[in-house]
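> I have a structure I would like to understand better, so I am pasting it below and will then ask my questions one at a time.
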Amino acid sequence: MADGGENVGTSDQPHSPTKEDLSKCFAKYDINNKRLVAYIFNHENFNKDSLYREGSSKDTKAFKAALIKLGFSKRDVTVFKDKKADEMLNTFKNVNKVGTRNPVGCFVCAIMSHGRENDQLCAYDRDVGLYDLLSCLTPVKCPSLSGVPKLIFVQACRGGKIDEGFCVTDGPETEVNETLSNIPIMPDLLVFHSSYNKYSSFRNKTNGTCFMETLSKALSEYGTERELLTLLTAVSYCVASEEFNTDRNPELEKQMPQIMSTLLKQLKFEPRRENASSKGCTLCICPLG
């Protein structure tokens, strides 16, 4: 096989799927009566004062509240604040222990920090690769979560390029930007980035980030009504519709989130009895300044 070419199939290749075959592929993850576990990494302070991320605590509070309303128990939502790189790695390495106690239906992790190209994230003391963290969740290293949907939400810049946006119509695309996938190959994983590869994300010192605010409100308002990918697509649309003012550029800037998924089944959270009386908030997106 030449570089970049496809492997040529033989007679042993799977047959073309029938309608009956396909009908069996619309399966759903079974998360009922199982623990919903969430880790939230909030990086607000760093060993360099110039990196201070004001407003991140508001994102953390809103996301935790959304998860609890979605059915996560307070004791299963853990917030890690300003952790060092080795501490983050050790936490991910120990995720397997979580699933050995009681069956886990879904694992969620939100990471909020500064970021650079190639999905390098800023811990308190140094950079840590997203790939290195997620590699701890493979079926080999984390068998207790094998077959369990793992949802990773990353609020961080992925480079310094500026997206000034452009007008589009429903028609064929004439140009496709290169997308670098820097996540391990494994099933049942979804990574939702706040911005497209090589581009910036935006944060407001008072309101937090548009991405986390929108995500939290969408989960709170529609988390038990919509299938997950449908809901996250709406979050992408909402964030992409906003315009941002920054000091570095007199022109309004845009932000395009990116979903990367190897989920094999549909995922929909169902209302849980302990949260049945919770009241929702109106999905209202505040533009950032």
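The values are calculated or read from the model by the stated rules, or taken from the named source; none is laboratory data. Everything numeric in this text was worked out from a predicted model, so none of it was measured. Cβ atoms come from the backbone with ideal geometry, glycine included; neighbour counts cover every protein chain shown. In case anyone asks, the SASA skips ligands and DNA or RNA and just uses the protein heavy atoms, side chains included. Shrake-Rupley method; radii C 1.70, N 1.55, O 1.52, S 1.80 Å.
> Leaving out same-chain residues fewer than 8 places away, which lysines sit with a Cα under 18 Å from that of Lys198?
Straight-line reach from Lys198, under 18 Å: Lys161, Lys254.
> Which entries of Lys61/Lys205; Lys81/Lys150; Lys28/Lys81; Lys34/Lys268; Lys64/Lys205 have Cα-Cα distances beyond 24 Å here?
Those over the limit are Lys28/Lys81.
> Assuming 0.36 nm per residue, please report the length gained on full extension of the stretch Lys28 to Thr78 beyond their Cα-Cα distance.
15.4 nm
> I've got another one for you. Give the separation of the Cα centroids, the stretch 183-213 to the stretch 83-118, in Å.
Rounded to whole Å, the Cα centres lie 16 Å apart.
> At a probe size of 1.4 Å, how large is the accessible area of Phe26, to the nearest 10 Å²?
Around 150 Å² of this residue is reachable by solvent.
> Take Tyr131 and Tyr237, extend 7 Å from each Cα along the Cα→Cβ direction, and tell me the distance between the two endpoints in nm.
Once both label points are built, they end up 3.4 nm from each other.
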